[in-house]
1. Here are the criteria: (1) modelled with pLDDT of 90 or more; (2) open to solvent by 40 Å² or more (accessible area, probe 1.4 Å). Tell me which single one residue 181 does not satisfy.
2. Hey, can you tell me all the residues within the stretch 72-91 that are open to solvent by 10 Å² or more (accessible area, probe 1.4 Å), part of a loop (DSSP other than H, G, I, E, B) and touching a residue at least 24 places away in the same chain (Cβ under 8 Å)?
3. Is at least one residue of the stretch 308-323 open to solvent by 10 Å² or more (accessible area, probe 1.4 Å), in contact (Cβ under 8 Å) with a residue 12 or more places away in the chain, among the basic types (Lys, Arg) and farther than 13 Å from residue 47 by Cβ?
4. Residue 162 is checked against (1) under 30 Å from residue 355 (Cβ atoms); (2) not in a helix (DSSP H, G or I) and fails just one. What number does that condition carry?
5. Kindly indicate the residue of the stretch 132-146 that is hydrophobic (A, V, I, L, M, F, W, C) and in contact with a strand residue (DSSP E or B) (Cβ under 6 Å, 6 or more places away or on another chain) and also most open to solvent (accessible area, probe 1.4 Å) among those meeting that condition.
6. If the Cβ limit is 7 Å and pairs must be 6+ apart or interchain, which residue in the stretch 196-224 that is surrounded by fewer than 24 Cβ atoms within 10 Å (Cβ to Cβ) pairs with which residue that is charged (D, E, K, R)?
7. Somewhere in the stretch 327-348, is a residue out of contact with any strand residue (DSSP E or B) (no Cβ under 6 Å at 6 or more places or on another chain), assigned to a helix (DSSP H, G or I), open to solvent by 10 Å² or more (accessible area, probe 1.4 Å) and closer than 16 Å to residue 65 by Cβ?
8. Determine which single condition residue 150 fails, assuming it passes every other condition in (1) farther than 15 Å from residue 258 by Cβ; (2) in a helix (DSSP H, G or I); (3) open to solvent by 10 Å² or more (accessible area, probe 1.4 Å).
Amino acid sequence: SIAPPAGAARMAGSGEMSEAMSSMTPCEMSVAASVAGTVGQTPLVRLNRVTKDCVAEVYAKLEFVTVGGSVKDRIAAHMIEAAEARGEIKPGQNVLIEASSGNTGVSVSMIAAAKGYKAIIVMPRKPDMVERYMLCRAYGAEVQLSDASEGAKGFMRIAEEIAKTKPGGFLLRQFANPDNSDAHAVGTGPEIWSQTSGRVDVVVAGAGTGGTLSGIARFLKQHKPDVHMVCVEAAESRVLAGKDAFRPASHGLVGISVGIPLPLIDREVEHASDTAAAMEASEHGVKYPAVIDEFAEVPSSKGIAMAKRLAEQEGLSVGPSSGAACAAALEIAAQPERQGQTIVVIFPSAGSRYFQHPMHDRLRQEAAWRLPQCNYCSPENWR
């Protein structure tokens with residue numbers, strides 16, 4: 001098991017967390033100046049019941065344990081605050097614009113509201129966007145919709161068009177913004193290093209923009225060059241591994257395998273290309289040396305099934321891409337050569353963000369059948 005770093009509280013087991021919390025003094029409970037100040041410091045939790053056949057220990061980094069409910073809180077806060085520090089934007093003067101499959105849009109909308117910006121989010125017109133659409137609107141953002149058949153290129157194109165014509169419009173460009181990767185290089189990576197006391201051997205994560213993988217890899221490989229970075233792709237869209245063409249592909253792992261090149265990963269490779277480890281990896285045919293050491297292909301059905309197992313067996317309700325990452329992590333953790341190693345898998349978002357996804361069809365139908373319609377919620381029925 002992982003020993004805590006010096007000066008840090010040990011990892012709490014069953015019954016220990018409430019005792020630790022109750023013993024805290026007021027000065028130990030930090031107070032944030034705004035919602036933006038709450039981002040990061042997410043928990044690392046050991047997986048126990050789904051790891052039956054594993055010879056390595058598997059820990060999940062719960063990136064959804066944050067105010068905005070996803071890993072995208074990190075990049076939204078960092079991209080916006082970095083732009084502010086450079087003098088590129090100011091509240092009341094600029095409108096923040098972002099193209100998103102949903103979760104980044106929610107996080108940008110939240111941070112924008114807290115800082116006093118107006119926001120415009122462009123997302124695909126798809127049935128499973130309902131929760132993310134509603135959250136963006138609840139935070140006061142304007143939402144524009146793109147043709148879902150165009151994939152990421154569609155909502156990125158519309159966002160670019162809006163930015164050109166909107167007075168004060170500032171496009172954050174999560175897919176190409178270096179501040180995206182930087183958020184994980186200064187946040188997620190150091191947290192994993194501290195939480196595992198530097199004993200992390202493998203990190204498994206999906207790639208949406210590539211920011212999470214590239215930022216974590218940058219930090220961890222500086223401290224431990226042989227950390228093994230695994231990129232999870234939908235088996236239906238293996239574009240980064242070079243097995244499928246760059247195009248929109250239909251699959252159920254929302255948020256990853258978007259079917260386009262990822263400049264953030266290319267940028268990280270370019271910047272690290274002169275390191276000895278990167279040159280050696282490149283000589284052995286590694287496609288993205290210094291960032292990705294291995295690709296894992298996970299079918300949508302397998303990712304969804306694992307997400308359901310995590311809820312029922314670990315008490316972790318997660319989205320389908322988290323399920324896919326976990327499925328890949330467990331396969332690696334069962335390999336004999338991984339005996340005694342520490343594997344960290346990134347869970348980017350909670351299952352509650354995906355109740356309109358087909359993975360929850362049965363539960364939605366059951367709830368609709370068993371529960372009454374909410375007539376009393378209508379204003380005319382308020383007393």
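1. (2)
2. Listed by number, the residues that qualify are 88, 91.
3. Among the residues of the stretch 308-323, at least one is open to solvent by 10 Å² or more (accessible area, probe 1.4 Å), in contact (Cβ under 8 Å) with a residue 12 or more places away in the chain, among the basic types (Lys, Arg) and farther than 13 Å from residue 47 by Cβ, which makes the answer yes.
4. (2)
5. Step by step, filter the stretch 132-146, then rank; the result is 143.
6. Qualifying pairs under 7 Å: 198/224; 218/268.
7. No; the residues of the stretch 327-348 include none that is out of contact with any strand residue (DSSP E or B) (no Cβ under 6 Å at 6 or more places or on another chain), assigned to a helix (DSSP H, G or I), open to solvent by 10 Å² or more (accessible area, probe 1.4 Å) and closer than 16 Å to residue 65 by Cβ.
8. It fails just one condition, (1).
The values are calculated or read from the model by the stated rules, or taken from the named source; none is laboratory data. Computed from a prediction, not measured in an experiment: that's the story for all the values here. Virtual Cβ from ideal backbone geometry, glycine too; neighbours counted across all protein chains shown. Quick note on the areas: whole protein, heavy atoms, side chains included, nothing else; ligands and nucleic acids left out. Shrake-Rupley method; radii C 1.70, N 1.55, O 1.52, S 1.80 Å.
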